[in-house]
Amino acid sequence: MEDYRQIIAKNICELRKINKLTQAELAEKLHYSDKAISRWERGDTLPTVDVLCQLCELFGVDLRYLISKEPPKEKEKYSNKTAIGNKLTIGLLAGSLIWLIATCIYVYSGITSNINLWIIFVWAVPAAALLADIFNVIWGKKKYSIITRSIFVWTLITTFYIQFLEYNIWLIFLIGIPMQVCIILWAKLK
């Protein structure tokens, strides 16, 4: 069993480095401590089967890769490039869906009631920003959450301002200041 520990340890370490992750970043993705990752990579302990499956999914490899002494030579195929490409494609498809819905509403309103609902495209901007934040929470890095959430808040406030332009509600932008402070403080939580 000791031999398998070292093999798995070497392969986890190698995959982590191929994918340019620190032990802390890998630990965050798996909801473990960086000390646990360090123990796995030294071969002191073995991850559970559940964690091994999570690692396989995260790195886009099968279990044979993790437990084989000499992993397949085609390491590029096991790098995270394919997974990143798929995640990007899924995110872009979801974003396209928002703009498709906005376009359909605009076209439908123009055909049926001759009302120009151009504002629907303005509302699509914070919707897309919210979607970007959701995908960042699922697949991204925590350090980008300040950016995605800030974009969402400020585009939402700007959209409200544009929607109610005739009421001159420019003071609504003051609401963004404490919200921005909350976003920054929230990101500081461990």
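Brief remarks follow.
- Test: residue in region 129-139 that is assigned by TED's automatic domain parsing to the domain that holds Met179, over 12 Å from the mean Cα position of the chain (by Cα) and modelled with pLDDT of 90 or more: yes
Yes/no per residue for (1) at pLDDT 90 or above; (2) assigned to a helix (DSSP H, G or I); (3) outside the structural domain of Lys142 (by TED's automatic domain parsing); (4) farther than 20 Å from Lys142 by Cα:
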{"position": "Ala24", "(1), (2), (3), (4)": "yes, yes, yes, no"}
{"position": "Ser38", "(1), (2), (3), (4)": "yes, yes, yes, yes"}
{"position": "Glu41", "(1), (2), (3), (4)": "yes, yes, yes, yes"}
{"position": "Pro47", "(1), (2), (3), (4)": "yes, no, yes, yes"}
{"position": "Cys56", "(1), (2), (3), (4)": "no, yes, yes, yes"}
{"position": "Tyr65", "(1), (2), (3), (4)": "no, yes, yes, yes"}
{"position": "Pro71", "(1), (2), (3), (4)": "no, no, yes, yes"}
{"position": "Gly85", "(1), (2), (3), (4)": "no, yes, no, no"}
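- Yes/no for Ile177 being free of Cβ contacts under 8 Å to residues at least 60 places away in the same chain, exposed (fewer than 13 other Cβ atoms within 10 Å of the Cβ) and touching a helix residue (DSSP H, G or I) at 6+ places or on another chain (Cβ under 8 Å): no
- The condition (being loosely packed, with under 13 Cβ neighbours inside 10 Å, among the β-branched types (Val, Ile, Thr), outside the structural domain of Tyr32 (by TED's automatic domain parsing) and out of contact with any His (no Cβ under 7 Å at 6 or more places or on another chain)) is satisfied by just one residue among Ile119, Ile101, Ile111, Ile147: Ile111.
The values are calculated or read from the model by the stated rules, or taken from the named source; none is laboratory data. Everything numeric in this text was worked out from a predicted model, so none of it was measured. So basically every Cβ, Gly included, is an ideal-geometry build from the backbone, and we count neighbours across all protein chains shown.
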